[in-house]
1. Taking neighbour counts of Cβ atoms within 10 Å as a proxy for exposure, in what order, fewest first, do 364, 343 appear?
2. If you take the Cα atoms of segment 266-569, find Rg, then find the Kirkwood Rh from the mean of 1/r over all pairs, what is Rg/Rh?
3. When only C-alpha pairs under 8 Å and at least 6 residues apart count, what is the relative contact order of the chain, in percent?
4. How would you rank 300, 239, 566, going from fewest to most other Cβ atoms within 10 Å of each one's own Cβ?
5. Report the equivalent ellipsoid semi-axes for segment 11-113 in whole Å, largest first, defined as the square roots of five times the eigenvalues of the gyration tensor built from alpha carbon atoms.
6. Among 590, 346, 459, 436, rank each residue by its count of other Cβ atoms within 10 Å, from fewest to most, as a rough exposure measure.
7. For residue 60 and residue 208, FRET efficiency with R0 = 51 Å and r from the beta-carbon atoms, rounded to 0.05?
8. PRE reach from residue 16 (point 7 Å along Cα→Cβ): which of segment 223-250 fall under 20 Å by backbone N?
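Please treat every number below as a calculation from the coordinates, not as lab data. Quantities reported herein were computed from a predicted structural model and do not represent experimental measurements. Cβ placement follows ideal geometry from the backbone for every residue including glycine, while neighbour counts extend to all protein chains displayed.
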């Protein structure tokens, strides 16, 4: 590191300027500023004596890069080839500009505030600026302006979604912001309101099971109409600003810092059937047989809680599951995978409690509290996979459902291997999923699939799908779920799902509600039903509902080649499948304001029906030509439509220029190699789509074992193809596709690869 300048600024501030970073020392705090890539700014504020701790958020340890620093009066200018940052050495205000001189972000004049509680950073909020992301919460707002978002994982069965904060947001300016800390934090976006207080969960000692770090009704004291304030309960505040030109590129920058989502197995994109709960293997086999008899696709069945006797046994209750391996093999032979619920509790009566206690693998909890596994201990992580979970994988379990991982019970006085409850709480689910992901990847080549009720920044790199908690079965909740899914995707967590039909079944539940929920669920990244209903299969809600629901499960199955190609876009390009209108139409003010409709991949515009008795709804079409998916009628964009929506139909549009690979057959396995999809094309605009193929099962794609075919179309619908990648089981080969047009007969196209 080359030191450029050492200077005393005034009686209290002192700075060191090098070709890597700016270091400012004040009597109370030390501040560092620099870049870890040409368009990623890193800021660190730390109180005197604050220690650096592993946050478990980042997937790497970013190093400072060389920069071009200079002094300009009372300001220090830090420049890269893409971004220029000025820091006022008196007030510490900082501003970032792109190479064209446009302001990207500005702090307040005195941006850093410290107290006994922690550190606060205050940024200026432009009147037209919108803030997106920050994880999952029950307020269900696509843009977070006027709201306070709290990073403290919690569940509440009376609410619309669990509170699963992810301290990453995207500004419409655009830029991204990541807070690199696991400690509790509060983001006040403008003059912020807070959500209604959650249902208190009380233990037998009349104490809260998971108390919040602050009074729920106490807003961030730095909340202001013109500010975006981040209050962190820690003595060290580290953050990254990701300066990119688009929402997708910002997501890619977030993935560079925190980890890229790996490809889930193919079966995970099919239909997942679950309920609370199937009580025996015989019941599961009967359900599977009935689905097959009715010719309704089914890719996974789920075993919920009490497959054991006590929480923490990690042994089957043989009274109801006498030969689980044989039963799982029976289901596998039908092309059905099995997912199984896991829990963090190690009850004192369980088979594992004494052994785990003696090994030091449990969190230290108050005497009256429920013991939980300590996933922050690396030795405990290894033991969890090697001795408790690996044996479940070896008999055929292929999905792990990590339930209650907020943790739901996390009382005051709890301590872990890495220290305090406050440090561990938000990353508990991340460390739990890490134990499974790293163990399975070390021992087996099949892809990891984890369904988690809690999430935090970085969990996506462990093969995790977040689901929206134990939500109520109501129209209001369905309406909000449409928004919540988009918000989670904008938070860097692309795989998400809902309990189709709602978990807690109340008076509002009806066949109409679950039909509408299924219709929307087809166009979520993961397609899964669950709930407390005694019967929760497609035939459980009457003949009309069965017919409609079955047709949508079949549609989902036919769309798997498209959906799987979109999953490849997530892994390679960080493009989420569930896309708020702001992502693809950021300059269309009307489109950006619509949160009840969204894009599913690059082709579909989805507008769910979320009101009872509704048989039409308004849909806004952005610029361009659009096709009604059901009728093939075309409409010019930049207009509102009143769209007919009978009970059997969700409003669904396809953008002109779209190329959608769809399966001919309703295959039951996770392997598409025997099914050559049809290509449904929608002329009117030039289009391009990368059709992706791999074995659907292993990590061979990381070694290049996949096929990627670029399909292009001109405005009139003429299609051409080009092999972009081929390897292993996907060599260059001659192929035939049927091109399906909206208004004319299908055409066969033969694709001949080059002789070389």
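1. On the way: 364 14, 343 20.
Fewest-to-most ranking of 364, 343: 364, 343.
2. Working: Rg = 19.1 Å, Rh = 19.9 Å.
With Rh from the inverse mean 1/r over Cα pairs, Rg/Rh is 0.96.
3. 10 percent
4. Values: 300 23, 239 18, 566 26.
With the fewest neighbours first, 300, 239, 566 line up as 239, 300, 566.
5. Values: eigenvalues 84, 72, 32 Å².
Square roots of five times the eigenvalues give 21, 19, 13 Å.
6. Values: 590 14, 346 28, 459 32, 436 25.
Arranged by neighbour count, lowest to highest, 590, 346, 459, 436 become 590, 436, 346, 459.
7. Efficiency computed from Cβ-Cβ geometry: 0.85.
8. Once the point is set 7 Å along Cα→Cβ of residue 16, 236-239 turn out to lie under 20 Å by backbone N, inside segment 223-250.
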